Amino acid sequence: MTSRPPLIRRARPADLEAIQEIVETAYSPYIPRMGQKPGPMLDDYAALIAAERVHVAELDGSVAALLVLLPQDDAMLLDNIAVSPRAQGHGIGRALMDFADAQSRAGGYARIRLYTNALMTENLVLYPRLGYRETGRVTEKGYDRVYFEKPI
């Protein structure tokens with residue numbers, strides 16, 4: 001992998017297999033901890049791609065990461081971000097987080113929201129370092145979720 005910045009573009013139907021593989025490899029390690037598949041493993045990525053809600057980051061011509069953004073009434077929801085384990089450590093996740101902020105601003109939003117599973121403890125430390133503040137904890141769809149948001 002090179003250190004060039006990733007190319008971020010809207011996902012196409014041809015990206016579906018790569019997206020599903022990234023989701024599988026990125027989230028499978030959490031199954032033993034959670035006792036079930038994480039929510040992103042259950043999403044319909046073909047439908048999300050068709051709705052133009054998925055962006056991918058390419059590195060060296062291959063899809064290396066994905067980002068799902070869902071507009072809401074009062075904020076942009078960063079619904080999923082996943083980087084292929086083989087591509088981690090190259091700044092792709094950070095580039096996608098910056099892209100999410102820019103897309104949210106361009107959409108007229110003053111804030112961006114995301115959530116993570118309470119058992120994904122790494123994220124509970126990461127998101128505050130990126131400027132997010134915790135706004136609540138709820139149980140939704142059988143998952144204990146921690147919501148975060150930040151102004152953009």
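All of the numbers you see were taken from the coordinates with simple rules; none came from a lab. Since the model is a prediction, treat every value here as computed from it, not as a measurement. Cβ: placed from backbone, ideal geometry, glycine included. Neighbour counts: every protein chain shown.
Relative to one another, the C-alpha centroids of segment 46-80 and segment 103-121 are positioned 12 Å apart.
In what sequence, highest mean first, do 86-92, 75-81, 29-35, 103-109 appear when ranked by Cβ atoms within 10 angstrom?
Output ranking for 86-92, 75-81, 29-35, 103-109: 75-81, 86-92, 103-109, 29-35.
Under the criterion of Cα pairs below 8 Å and six or more residues apart, the relative contact order for the chain equals 20 percent. What helices does the chain hold that run 15 Å or longer along their axis, going by alpha-carbon atoms, with a Kyte-Doolittle average of 0.0 or more, using DSSP H for the helix calls? Correct list, ordered by number: 16-27. Once the Cβ-Cβ distance of T25 and T139 is raised to the sixth power relative to R0 = 41 Å, the FRET efficiency obtained is 0.95. Centre-to-centre separation between the Cα atoms of segment 16-39 and those of segment 125-141: 20 Å.
Note on the chain: with charges restricted to the Cβ of Lys and Arg (+1) and Asp and Glu (-1), its dipole about the Cα centre is near 380 debye. Among beta bridges from DSSP that stay inside the chain, the antiparallel ones total about 90%. From the Cα gyration tensor of the chain, with a ≥ b ≥ c the square roots of its eigenvalues, which class applies: rounded if a/c is under 1.5, or else prolate if a/b is larger than b/c, or else oblate? Because its axes are fairly even, with a/c under 1.5, the chain counts as rounded. The distance between label points at A47 and M120 comes to 2.0 nm (points 7 Å beyond Cα on the Cα→Cβ vector).
Summed over qualifying helices (DSSP H, 4 residues or more, each -39500 (n - 2.57)) and divided by its residue number, the chain shows a 222 nm mean residue ellipticity of -8500 deg cm²/dmol.
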